[in-house]
Amino acid sequence: MNSITNGNDNKKFKGDRPPCSPSRVLHLRKIPSDVTEAEVISLGLPFGKVTNLLMLKGKSQAFLEMASEEAAVTMVNYYTPVTPHLRSQPVFIQYSNHRELKTDNLPNQARAQAALQAVSAVQSGSLGLPGAPTNEGTILPGQSPVLRIIIENLFYPVTLEVLHQIFSKFGTVLKIITFTKNNQFQALLQYADPLNAHYAKMALDGQNIYNACCTLRIDFSKLTSLNVKYNNDKSRDFTRLDLPTGDGQPSLEPPMAAAFGAPGIISSPYAGAAGFAPAIGFPQATGLSVPAGLGPGALGPLAITSSAVTGRMAMPGTGGIPGNSVLLVTNLNPDLVTPHGLFILFGVYGDVHRVKIMFNKKENALVQMADANQAQLAMNHLSGQRLYGKVLRATLSKHQAVQLPREGQEDQGLTKDFSNSPLHRFKKPGSKNFQNIFPPSATLHLSNIPPSVTVDDLKNLFTEAGCSVKAFKFFQKDRKMALIQLGSVEEAIQALIELHNHDLGENHHLRVSFSKSTI
């Protein structure tokens, strides 16, 4: 441990230190002295389970251990373009040289352990409070998947798109309704899972969307489900793309174009106009230089959706077109990746129409989704995950469509059109699949299992695909479905690619998706 506590730490961080290789232990610097254990833990929560914490308050440092390296990688990727803040002070995160934290015999560890236990009780829903439905294992008493959001200091217009972009970071957003009440701009936003609402509230309550204004005030709603009648700029049901637009609401273009083009208001969002700049940033904003105007408490650069930009603004530093449905996927394993494999994996988050693996640079591919919302979902969930030993990266492409090769053009089968594939999961508007979109996890949900197939048949199928099976169980109510837990998230991703649509006989093809449950 003495490498943590010797005094010559400061020399190491002058920027010349090579970045460490990924580790599930993260090293946090410049932590405010009055910060609580829970606040530090909350930085890691959206990305997965936090398993240990060591606070070094005298040095303004902390070590945070995540349950998996994948979670740590996702967290570092997320916070690299967007510096997180604790108590309005920027905090710096990098991988630690430590592979795990051994804190059992350290003094002063009691508070960290207590904070971790409180969080894991919240995560597993094991708070034994009366009237709490604990069978689902996640719902807190009185906790709804619907958040009520009030935006104070509404200096710039905040659109439904902007809210969707911000809140999608914490889970799948199903529905949003916006309205003005008591002269305040408000929104109701429904997640697929109350746990996502809990994390989003913890992370975003009190944050500013834009620099020094548009402050989010977030509470749980008494409603547990929203009923959206129209898809327009005031309300949206992302699970039902078939809804009418309603009473002639104008589309987003004119008011947003005016807001972003008018002199005096963010005339160019990345120039830090008048010291103001859009200040929430998510993975799609990687590569943006953060404007100098950003002050503390702002959340990093916001990649504005195409409707806001109306195609007139060139964005420095990003190749991608916001609101685009084509993703650029990089750092693939050129020996193992195939168009079909990418079609199956990205197809978990939307309907993939075309895939092109680059002829000259096979570690790069373009994946064209059915729409921008699905592209965004796939990017948020898959960027930073490991596939065939490499950490995959996904960003918006500057191409708006994937071109098919011309007749006779050499392609080696690297470009494939899947637009008429029978395997699309989201063809039916309002399909149940929209509500079962979860991040990659080591536990897979299997369905469409014929009655003759046994536990051993399925275990053997996964073992032969190179997986280690840790646990398995059929659903009690419905033997057509089962959960299988594999050795790692990476194994589960590879198994999903290989075994989704596997022919189990009796005219049954296995359906595989990621589960939010563990066994």
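List of remarks:
- Quick note on the range 342-490: its Rg to Rh ratio, both from C-alpha atoms and Rh being the Kirkwood radius, is 1.00.
- Using the 1.4 Å probe convention, the accessible area of the range 183-230 works out to 41 Å² per residue with neighbouring protein chains retained.
- Of the trypsin sites (Lys or Arg not before Pro) found in the range 348-451, those in coil by DSSP whose Cβ has at most 15 other Cβ atoms within 10 Å are K361, K362, K398, R406, K427.
- Long pairs among K175/K416; K390/K416; K102/K473; K49/K175; K169/K356, criterion Cα-Cα beyond 31 Å: K175/K416; K102/K473
- For G48, residues with placed amide H under 5 Å, excluding near neighbours: none
- Rolling a 1.4 angstrom probe over the protein heavy atoms with all chains in place gives the range 360-519 an accessible area of 51 Å² per residue.
- Packing around the peptides 181-194, 50-63, 498-511, taken as the average count of other Cβ atoms within 10 Å per residue, puts them in this order, highest first: 50-63, 181-194, 498-511.
- Protein accessible area in the range 361-519, 1.4 Å probe - carbon and sulfur %: 46 percent
The values are calculated or read from the model by the stated rules, or taken from the named source; none is laboratory data. All values reported here derive from a predicted model rather than from experimental measurement. Reconstructed Cβ throughout: ideal geometry from the backbone, glycine too, with neighbour counts over all protein chains shown. Note: accessible area is taken over every heavy atom of the protein model, side chains too, but ligands, DNA and RNA are not part of it. Shrake-Rupley method; radii C 1.70, N 1.55, O 1.52, S 1.80 Å.
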